[in-house]
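A quick write-up on the structure given underneath.
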Amino acid sequence: MIIIIDEASAKLASFYYHDELFRPEWRNASNMTSVSGELQEKLPDELRGKLYVALAPAESINGSQKTTTKEYADDAVKTSTGNLRIPELLANCIWIVSNRQQKQIADSLGIASVGEPQCGTRYAVESLAELDIEYLERVRRRYNHIPWDIGETDRCLIRELSLSDLPALYELYDKPGMTDYVEPLYDYETELEYQKAYIENMYGFYEYGMWLVFSKETGKLIGRAGLEHDEMGYMIAPELWNQGYATEVCRFIIDYARENTDFEELYCRIDERNEASVRLAKKLGFTNSGHMDDDINASIYRKNIKNIKNNEKH
């Protein structure tokens with residue numbers, strides 16, 4: 001990730017005091033040649049020569065060192081943006097702006113930006129001192145339609161869905177037993193439009209939703225799980241049933257909800273004929289509330305998540 005910043009903002013940003021590398025003036029940043037000319041043309045005189053390039057830890061200006069996150073993000077730019085084509089270099093940039101003028105320049109170039117509320121950025125912070133590298137990376141990805149990494153378990157990687165995942169998602173839903181107790185996907189064009197809106201509104205506004213589950217070993221899509229507000233949902237590919245994958249992923253989601261949301265409890269809607277899901281819910285500490293969702297003939301199972309010690313395993 002390449003961070004564009006001016007001296008005034010740098011002094012307020014928390015990472016300025018850390019070990020990040022700062023390179024003054026665009027003409028000294030050899031990797032930025034294709035952007036620097038266009039940017040310099042748009043800069044007012046008072047900004048010329050006063051911008052800096054900051055690099056996230058373990059990255060170099062010529063790209064010879066990359067963090068795992070950056071390597072993934074670069075791949076995602078190429079493969080996970082649907083029909084949207086993003087120049088890789090611009091997608092790697094984020095601008096910490098100090099005024100509306102800088103924000104407007106960033107918009108004209110298609111560069112993600114973040115700043116204090118008076119700057120008018122979509123992603124605003126009360127103080128630049130609140131910024132950290134992880135937040136900037138997430139803003140950069142959201143702006144460029146690159147899915148967020150949510151977390152990992154011993155055997156699984158969990159991340160947001162991107163439009164390029166749809167073929168693999170259809171393959172998952174087509175496996176035997178996958179739609180016995182859940183709704184199937186729409187036809188492709190309808191599902192595509194639905195997921196576009198979901199990414200924009202659910203991920204973009206709430207920063208959670210139904211995510212994808214990938215095997216660390218194979219890299220293949222093996223499930224879907226996440227949060228629809230305070231409802232937890234999950235599904236795992238049938239070839240992996242009874243191997244503890246659903247338990248592993250659901251425990252991650254419960255911990256995520258406890259640490260990252262204000263929900264006091266989570267609930268699941270489970271068809272009582274789905275004996276495996278009933279057993280899993282009880283194993284995770286969910287109890288049948290005695291209520292039904294008559295529309296889908298499902299019992300409501302609930303679990304308090306705020307009054308439970310973080311080291312709970314069973």
Histogram of C-alpha separations across segment 147-301, 5 Å bin width, %: 2, 8, 18, 22, 22, 18, 8, 1, 0
Rounded Å value of the spacing that divides the Cα centres of segment 236-291 and segment 190-226: 18 Å
Segment 231-301: GluC sites (Glu not before Pro) in DSSP loop, at most 14 other beta carbons within 10 Å: E264, E272
Equivalent ellipsoid semi-axes, segment 147-213, via Cα gyration tensor eigenvalues times 5, rooted, Å: 20, 17, 10
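Output the direction-averaged projected area (hull surface divided by four) of the convex hull of the alpha-carbon atoms of segment 92-144, in nm².
Taking the Cα atoms of segment 92-144, their convex hull projects to 3.2 nm² on average.
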Accessible surface, segment 126-275, averaged per residue in Å² (probe 1.4 Å): 49 Å²
Using a Förster distance of 41 Å, the FRET efficiency for Q118-D294 (Cβ separation, nearest 0.05): 0.20
Kirkwood Rh (inverse of mean 1/r, distinct Cα pairs), segment 212-298, angstrom: 13.9 Å
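The values are calculated or read from the model by the stated rules, or taken from the named source; none is laboratory data. Predicted model, so just to flag it, every value in this text is computed and none were measured. All Cβ positions, glycine included, derive from the backbone under ideal geometry; neighbour counts span all protein chains shown. All accessible areas refer to the heavy atoms of the entire protein, side chains included, with ligands and DNA or RNA removed. Shrake-Rupley method; radii C 1.70, N 1.55, O 1.52, S 1.80 Å.
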